[in-house]
Amino acid sequence: MTAEIFSLDHQIVFYETDQTRQLTAGMLVNLFMLASQEQSNHLDLTAQKVQSMNLGWVVTQHLVTINRLPKLGEKVVIKTQAQNYNRFFCHRYFWLENQTGELLAKMHSVFVLIDQKKRKLTKVLPELVAPYGSVYTNKIEHLSEPKKPNIQPTYPAKTYRVRFMDLDGNHHVNNVHYFDWLIDAMPREFLLTHHLKAVNIRYKHEVYYGQLITSQVSVTDLGQQLISYHQILTQDLENCRAECHWEKMTTLIK
C-alpha cells in the first residue's frame, strides 16, 4: 500500500513574495502546510476534529531543499504525501513544481501528536493516519540535527516580541514564523546577493505569547557556498536551531 499523493494548484501572489519578487522561504513552508491542511480537510480529518480529541499536530523538524523559488504570478503545483509513521513520529513529504513538472523545492517534515491539556507527546492514533494511506514502520528515518552556532555571532542578534497573531490553533507560535526570525537575522545586502538552497530546522521548545525571543546567527564562508547556523533563544533556553545553506548569485537582483 502506498500513501496518497495530494495535489493543490496555486498562483504566487504579491504578499507571498519579498522585494526580490520571489516566494519567501516562510511562505514556501506556508504553502506546503496549506496542502497538508487541505488534504486533511478532504479526508475529514480537520484540525477541529483533532482538537475535539484534545490533541494537536506539531512539527518537530523540517528539511527543505530549494532549486529555485517561484516568482510573483507564477503558477505552481503543491504536492504532499503522509508517507509513514511509527509509535510517535509521522513523516510527511512535500514537493513544489511548476506547470511543466520542474521540481522547484521539496521538504521532509516530522510531526508528532501532543496532548493539548498536558502539552506532552502522545502516541499516534491509527485512526488519525490510516485515511492518508500512511504505512506503519519500525525503521523510520532519523533526520540529522542542525549544527550549533559558534559562540560569537557573525551579525548583531535581533529580538522580537511574540504577538497574538503569531499563535496558531494549537495555541503556540506557528512554526513558519521561526523562518522569518531566522532569515531576518541576515543583513539585507546578504539576502539580495545569495540564494537560499537548503534549510534544516529543528524545533526544541515552545515559545509563548508575550515572550521576548532572540535570533542569532554565525556564518561560515566556503567560497561559492556559505552556511549560516541559527538559534532562537528565550533567555538561555534554546527554542529552535537551524542550519541554512546559501549560494552566491551570479546575477544580482535589483
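The values are calculated or read from the model by the stated rules, or taken from the named source; none is laboratory data. Keep in mind that this is a model prediction, so the values were computed, not measured. Note: ideal-geometry Cβ built from the backbone for every residue, glycine included; neighbour counts use all protein chains shown.
Restricting 196, 182 to those that are surrounded by 13 or more Cβ atoms within 10 Å (Cβ to Cβ), under 18 Å from the mean Cα position of the chain (by Cα), not assigned by TED's automatic domain parsing to the domain that holds residue 83 and not in a strand (DSSP E or B) reduces the list to 182. Among the criteria (1) surrounded by fewer than 18 Cβ atoms within 10 Å (Cβ to Cβ); (2) under 17 Å from the mean Cα position of the chain (by Cα), the one residue 152 does not fulfil is (2).
Results for (1) in a helix (DSSP H, G or I); (2) over 28 Å from residue 188 (Cα atoms); (3) among the hydrophobic types (A, V, I, L, M, F, W, C), shown as yes or no for each residue.
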position: 3; (1), (2), (3): no, yes, yes
position: 6; (1), (2), (3): no, yes, yes
position: 9; (1), (2), (3): no, yes, no
position: 27; (1), (2), (3): yes, no, yes
position: 32; (1), (2), (3): yes, no, yes
position: 35; (1), (2), (3): yes, yes, yes
position: 39; (1), (2), (3): yes, yes, no
position: 51; (1), (2), (3): yes, yes, no
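Scanning segment 46-93 for residues that are at pLDDT below 95, under 20 Å from the mean Cα position of the chain (by Cα) and of a type in the set (Gly, Ala, Ser) gives 47, 56. Just the residues that are aliphatic (A, V, I, L, M), assigned to a loop (DSSP other than H, G, I, E, B) and under 18 Å from residue 236 (Cβ atoms), please, taken from segment 199-222. Passing the criteria: only 207. Taking (1) in contact with a Leu (Cβ under 6 Å, 6 or more places away or on another chain); (2) surrounded by fewer than 12 Cβ atoms within 10 Å (Cβ to Cβ); (3) of a type outside the set (A, V, I, L, M) in turn, residue 126 satisfies each apart from (1).
Scanning segment 125-149 for residues that are free of Cβ contacts under 8 Å to residues at least 40 places away in the same chain and more than 21 Å from the chain's Cα centre (by Cα) turns up 126, 127, 130, 139.
Annotation: of all residues in segment 204-215 being at pLDDT 95 or above and crowded, with 19+ Cβ neighbours inside 10 Å, the one that is farthest from residue 28 (Cα to Cα) is 213. When the strands (runs of 3 or more DSSP E) confined to segment 72-159 are screened for residues that are of a type in the set (Asp, Glu), those reaching at least 1 such residues are found at 90-98, 103-115.
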